[in-house]
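The block underneath contains the structure these notes are about, expressed in structure tokens.
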Amino acid sequence: MSFSFDSFAGTGSTFPQRGDRSPIVLDDDGIWHPRSARRSASIHTRYTDITHIGVSAQALWLGARKSVYLLPRGNFENYDSLERLAGALRARIQSLPDGERRLASLDRIDQISENPPRPRATQTLIALCILVYLAQLALGFRVTLAGHYSAALVADGDVWRILTANLLHAQGGFAGIAHITLNLLALMALGFLVERPLGSARTACVMGISAVGAMVTGGMFGNFMVVGASGIVFGLAGSVLWLDYRYAEELPAWWRFPRRSLWIILAVNIVIGALVPFIALAAHIGGLVSGAAATAWVGRRILAPPALWVRAMCGVLLTATVFSVATASIDVFADGNAAARYAARKSRLPGISPVELNDYAWMIATAPEVTQDELKAALLLAERAVMETVRSEPTILDTLAEVQFGLGRDADAISTIDEAITLEPDDDYYREQRRRFTGERARDDRPEYIPPMFRDPNENHPPVEVEPENPGLTV
């Protein structure tokens with residue numbers, strides 16, 4: 001939409017902004033202002049839609065029924081423009097037929113924002129995630145084995161994993177640090193937005209229900225080993241959206257998040273989750289839906305003490321969390337090799353997909369310090385995965401060959417990788433694996449596997465001579 005600011009000369013107020021940004025203009029019906037702090041395109045918000053006007057040292061927060069808008073002080077030519085703009089807006093609102101009532105509502109929301117509750121639930125969850133991550137670093141992968149979510153293990157009785165998996169994160173290197181850092185930053189930002197209007201008890205309920213919804217949904221859609229607080233993060237995002245659509249007129253502007261920006265962030269994360277295999281997209285969506293539903297359930301009266309049944313639910317969730325962490329801790333310090341114990345157990349459980357069996361076997365086989373007991377357990381997983389796929393999947397055959405090679409069964413490893421080469425004769429990775437198994441390549445020099453989508457289609461694939469073990473195997 002295009003318009004001329006000259007038409008407002010006699011009826012409105014103009015507040016110039018720096019650079020090529022359009023000025024903020026008050027007309028008879030409302031205010032023309034930027035959609036966001038970084039965009040100069042203007043939108044119109046009617047005075048009757050304004051729910052709160054908050055001025056801080058850095059910006060003016062304009063709350064409206066449809067969203068919240070941030071007007072940074074640095075974008076204005078004059079330092080006191082925010083105060084003058086807030087005063088002009090209040091004057092225009094006061095001139096409305098019900099102006100006094102609207103001003104009283106703005107003042108009441110101002111008072112609410114002056115004493116926000118302490119975000120105890122958010123701070124507790126962040127502290128717990130940090131403590132568990134330190135335990136992962138100190139005690140190694142056995143912590144992840146004891147607490148990660150696996151639908152098969154939960155069905156076999158490990159119900160504590162539904163909660164403990166939310167406290168665990170990826171281990172090792174930049175990926176692990178990035179995983180927990182991004183989740184904790186998001187928990188802090190979104191948790192504060194939820195906990196201010198809902199309070200700690202309701203927020204704890206939202207977090208707990210989001211955690212359960214995320215893990216159960218992730219398990220239903222084939223995520224075999226899920227860890228991370230991102231399901232709770234998405235649950236809090238769903239809660240923020242619900243609160244903003246349901247209670248926009250009751251919330252201070254700085255207790256809200258711009259709807260458009262939040263929807264864009266969620267959409268980008270969902271697309272990334274759909275494209276990156278190791279991201280549990282189903283768990284994220286399950287957390288999002290669960291968080292919104294939980295807020296609709298427990299958040300019927302915001303900015304007020306929670307009902308007794310909400311406090312009781314919060315107590316049950318806290319008790320369940322303590323029980324789950326304690327049970328997983330006992331499992332961490334149990335006698336024996338944890339990785340071997342879990343691998344052997346998984347190899348016997350029904351309902352586990354060949355992909356899950358294969359991935360777990362590969363994770364054990366390629367660990368930096370792997371024992372023979374662990375490799376023997378991984379062999380059970382790999383052999384079952386190969387059997388259930390009727391020896392037709394080269395990546396699963398490669399895992400079996402890797403385990404056999406780790407156990408010193410070089411001839412078996414060569415025979416198995418030859419089957420993979422037969423199925424994928426143009427794949428250099430399997431050929432390089434064979435060279436490693438035959439000693440032409442260093443034993444610890446495992447070739448890098450490049451997914452087909454990232455390979456160079458013009459790359460040459462030199463032939464490799466293979467002596468078949470049986471007459472039916474050719475290359």
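For region 5-114, averaging the sequence separation of C-alpha pairs within contact (under 8 Å, six or more residues apart) and dividing by the residue count gives a relative contact order of 18 percent. Across q = 0.11, 0.12, 0.22 Å⁻¹, region 5-114 modelled as identical point scatterers on its alpha-carbon atoms has Debye log10 I(q)/I(0) values of -0.32, -0.38, -1.33, in the order of the q list. Across all directions, the average flat footprint of the convex hull enclosing the Cα atoms of region 54-168 is 12.7 nm².
Taken over the C-alpha atoms, region 338-454 has Rg and Dmax values of 13.4, 40 angstrom. Ordering V143, A155, L167 by Cα displacement along the dipole of region 105-174 toward the positive end leaves V143 in first place; charges were set at the Cβ atoms of Lys, Arg (+1) and Asp, Glu (-1).
Report the chymotrypsin sites (Phe, Trp or Tyr not before Pro) located in region 301-398 that are in a DSSP loop and have at most 12 other Cβ atoms inside 10 Å of their Cβ, or state none.
Working: sites: W309, F323, F333, Y342, Y360, W362; in loops: F333.
Hits after loop and neighbour filter: F333.
Think of each Lys and Arg Cβ as +1 and each Asp and Glu Cβ as -1; about the Cα centre, that makes the dipole of the chain roughly 2560 debye.
How big is D for region 192-351, in µm² s⁻¹ as a whole number, if Stokes-Einstein is applied with the Kirkwood radius of its Cα pairs at 4 °C and 1.567 mPa s? The estimated diffusion coefficient comes to 75 µm²/s.
Distance between the C-alpha centres of region 346-367 and region 374-440: 14 Å, rounded to the whole angstrom. Each of T48 and R435 was given a label point 7 Å from its Cα along the Cα-to-Cβ line. The distance between the two points is 7.6 nm. When +1 charges are put on Lys and Arg Cβ atoms and -1 charges on Asp and Glu Cβ atoms, the dipole computed for region 5-114 relative to its Cα centre reaches about 400 debye.
Look at H148, H179, H169 and count the other Cβ atoms within 10 Å of each Cβ; fewest to most, that gives H179, H148, H169.
Report relative contact order for the chain in percent, whole number only (criteria: Cα-Cα under 8 Å, sequence separation at least 6). Don't jump to the answer; show the numbers that get you there.
Numbers: 720 pairs, mean separation 53.9, N = 475.
Taking the mean separation of contacting Cα pairs over the length of the chain, I get 11 percent.
So what is the 222 nm mean residue ellipticity for the chain from helices alone, if each DSSP H run of at least 4 adds -39500 (n - 2.57) and you divide by all residues, rounding to the nearest 500 deg cm²/dmol?
Computed mean residue ellipticity for the chain: -18500 deg cm²/dmol.
Please arrange F224, F141 by how many other C-beta atoms lie within 10 Å of their C-beta, fewest to most.
Values: F224 22, F141 18.
In order of increasing Cβ crowding within 10 Å: F141, F224.
Note on the chain: Kirkwood hydrodynamic radius from all Cα pairs is 26.1 Å, rounded to one decimal. If you take the charge dipole of the chain about its Cα centre, with +1 on Lys and Arg Cβ and -1 on Asp and Glu Cβ, which of L241, L185, N78 is farthest toward its positive end? Result: N78, furthest along the dipole toward the positive end.
Taken together, the values in this text are just the output of simple stated rules run on the coordinates, not laboratory data. Predicted model only: the values in this text are computed from it and were never measured. Neighbour counts run over all protein chains shown; Cβ positions are idealised from the backbone, glycine included.
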